[in-house]
Amino acid sequence: MEDKKKMHGTWASRWTFVLAATGSAVGLGNIWKFPYIAGENGGGAFVVVYLFCILLIGLPIMVAEVMLGRRGRLSPINSMRLITTESGLHGVWNGIGWLGVVAGLIILSYYAVIAGWALYYILEMASGSLHGATAEQASALFSKLQADPQRLIFYQSIFMLMTIAVVAGGVTRGLGVAVRTLMPMLFVLLVIVLVFSYREGEFSRGLEFLFNFNTEALSGEGVLEAMGHAFFTLSLGMGAIMAYGAYMPEHARIGTTVLAVGALDTLVALMAGMAIFPIVFANPVLEPGAGPGLLFISLPVAFGNMPGGLLFGTIFFVLVSVAAWSSAISLIEPAVAYLVESHKLNRLTANLLLGGIAWLTGLGTVFSFNIWADYKLAGFTFFDFLDFLSSSVMLPVSGMLIALVVGWYMKPGVVQEELADETPTVFNCWKTVLKYISLASVAAIFVIGIYKTFG
Ligand code: PHE
């Protein structure tokens, strides 16, 4: 155990793990994706399904993932190797590690493009060009950005370099300080936007939209999307949480730690939705189901018309970028850790290599908004395809495998030993939910969703 621990280091405390995992979990998924997919799926009913997915599928699997990571204390691929050997399992289970690492890189490829939009909006906000902007002007600005591959590639590249720079310097040092200061700031700024939205927006209509039970707009695809998003927003199924779990101190209680991360993540997502929809409804031209542009059209209009809004808007997009940044770091870390362990690469080389691959793949996402907009893969644009493949296929499959291996196949003694600090009731509850409810729901929703999408 000792030398394994030294290879990548250990978080200073359980709290550092909470910050790092929250930094990973809170990202574009909360501030950008959650509000817009909730909007596309009619709001309330989607939110309820989403909350259930977090509680009954996301959190139990997160506990399992942290546990696997801490048991193995290595990159997801090598941790899984160790664990399967320890429990005398077939090598196919190592696929969990591989699936995660590959899904992480796929997500990073498009994550960097979208995060690049946030970087661009920092400058637009700061330049004052959005002062007094109407919804039409904000939409036009966003369309102009999407139609311009060079500009998209420029910001995508900057974001990728930022990510590589931090991870190359080591997660604990670079990340720890950033997360500690910037996460609370993000939270404070969200509160400020929320207050603005409450005072200036159609707050009650926004709330009603977000929390009213409108089952009509919710399709089978929507349910699959809610589940995929529960995985995505908690950073599950792609090794990020497993890798971070590997750096967790030996006697930290996994259960309560995971609860804290899940609660913070959900809170930020709901706050983002509550801030954005009232502003959307205050503008007759804006649509709650506007899709990916929601954050980049609605909020600029709001900030552009609020006293001091350009300043707050600038800071807000800085923080969106930082939230995305701390997530991106966790997307590349598992693969970097693997290359360092198994191929004796140094961190910088590993980062350059993996960042380069993700950057190249990201070009497909860039072009899917302009010159490739008409090329469809199974009915999806390149970006939609990668998004569907990663969050609706790879993550649930990886989640099912994790629930299966931890719930049914690993030696029960090993699982119990790693979770020895939990009370027996908590442990038994968790194990039962994981074995039956998490596993069955993830399987059912996944199969039904695929059938509805293609059937
Ligand atoms: N959880 C992050 C978000 O909500 C995305 C992410 C997924 C980050 C997987 C790391 C790993 O934006």
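The values are calculated or read from the model by the stated rules, or taken from the named source; none is laboratory data. Because the structure is a prediction, the values reported are computed rather than measured. Note that each Cβ is placed from the backbone with ideal geometry, even for glycine, and that neighbours are counted across all protein chains shown. The protein model used for the area step is the full one, side chains on, heavy atoms only, and it has no ligands, DNA or RNA in it. Shrake-Rupley method; radii C 1.70, N 1.55, O 1.52, S 1.80 Å.
Values as computed for the structure displayed
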read-out: Residues satisfying the stated conditions in region 25-48, i.e. small (Gly, Ala, Ser), modelled with pLDDT of 90 or more and either in contact with a Leu (Cβ under 8 Å, 6 or more places away or on another chain) or away from the ligand (no atom under 12 Å from the Cβ) (or both); value: ALA25
read-out: Failed condition for ALA263, given (1) within 15 Å of the ligand (Cβ to nearest atom); (2) crowded, with 24+ Cβ neighbours inside 10 Å; (3) among the hydrophobic types (A, V, I, L, M, F, W, C); (4) part of a helix (DSSP H, G or I); value: (2)
read-out: Residue satisfying condition, being among the hydrophobic types (A, V, I, L, M, F, W, C) and surrounded by 20 or more Cβ atoms within 10 Å (Cβ to Cβ), within set VAL188, VAL193; value: VAL193
read-out: Qualifying residue in region 317-332 (condition: assigned to a helix (DSSP H, G or I), within 21 Å of the chain's Cα centre (by Cα), of a type in the set (A, V, I, L, M) and more than 16 Å from the ligand (Cβ to nearest atom)); value: yes
read-out: Unmet requirement for ALA133, which otherwise passes all of (1) part of a helix (DSSP H, G or I); (2) in contact (Cβ under 8 Å) with a residue 12 or more places away in the chain; (3) under 21 Å from ASN305 (Cα atoms); value: (1)
read-out: Failed item in (1) in contact with a Lys or Arg (Cβ under 9 Å, 6 or more places away or on another chain); (2) of a type in the set (A, V, I, L, M, F, W, C); (3) open to solvent by less than 20 Å² (accessible area, probe 1.4 Å), with VAL301 passing the rest; value: (1)
read-out: Residue within region 346-357 that is part of a loop (DSSP other than H, G, I, E, B) and of a type outside the set (Ser, Thr, Tyr) present; value: yes
read-out: Matching entry among LEU51, LEU68 (being crowded, with 23+ Cβ neighbours inside 10 Å and within 16 Å of the ligand (Cβ to nearest atom)); value: LEU68
read-out: Hits in region 369-409 - residues which are surrounded by fewer than 18 Cβ atoms within 10 Å (Cβ to Cβ), in contact (Cβ under 8 Å) with a residue 60 or more places away in the chain and closer than 30 Å to PHE142 by Cβ; value: ASN370, ILE371, ALA378, LEU389
read-out: Where GLY255 falls short, out of the listed (1) modelled with pLDDT of 85 or more; (2) within 26 Å of ILE402 (Cα to Cα); (3) within 16 Å of the ligand (Cβ to nearest atom); value: (3)
read-out: SER13 being surrounded by 23 or more Cβ atoms within 10 Å (Cβ to Cβ) and among the polar types (S, T, N, Q); value: no
read-out: Qualifying residue in region 110-127 (condition: over 30 Å from ALA38 (Cβ atoms) and in a helix (DSSP H, G or I)); value: yes
read-out: Subset of region 136-158 that is of a type in the set (Ser, Thr, Tyr) and either touching a residue at least 24 places away in the same chain (Cβ under 8 Å) or open to solvent by less than 60 Å² (accessible area, probe 1.4 Å) (or both) - its residue that is farthest from VAL301 (Cα to Cα); value: SER157
read-out: Region 321-333 residues that are open to solvent by less than 10 Å² (accessible area, probe 1.4 Å), paired with ones that are β-branched (Val, Ile, Thr) and within 9 Å of the ligand (Cβ to nearest atom) (beta carbon under 7 Å, 6 or more apart); value: ALA323/VAL26; ALA323/ILE31
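Residues checked against (1) under 30 Å from LEU295 (Cβ atoms); (2) in contact (Cβ under 8 Å) with a residue 24 or more places away in the chain:
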{"site": "ARG14", "(1), (2)": "no, yes"}
{"site": "LEU51", "(1), (2)": "yes, yes"}
{"site": "ILE54", "(1), (2)": "yes, yes"}
{"site": "HIS90", "(1), (2)": "no, no"}
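Quick grid of which residues meet (1) open to solvent by 40 Å² or more (accessible area, probe 1.4 Å); (2) at pLDDT 85 or above; (3) touching a Cys at 6+ places or on another chain (Cβ under 6 Å):
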{"position": "THR163", "(1), (2), (3)": "no, yes, no"}
{"position": "GLY201", "(1), (2), (3)": "no, no, no"}
{"position": "SER204", "(1), (2), (3)": "yes, yes, no"}
{"position": "GLU221", "(1), (2), (3)": "yes, no, no"}
{"position": "ALA246", "(1), (2), (3)": "no, yes, no"}
{"position": "VAL268", "(1), (2), (3)": "no, yes, no"}
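The rows are residues; the columns are (1) among the β-branched types (Val, Ile, Thr); (2) within 17 Å of LEU186 (Cα to Cα).
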position	(1), (2)
GLY220	no, no
GLY228	no, no
PHE232	no, no
GLY237	no, no
TYR244	no, no
THR257	yes, no
MET271	no, yes
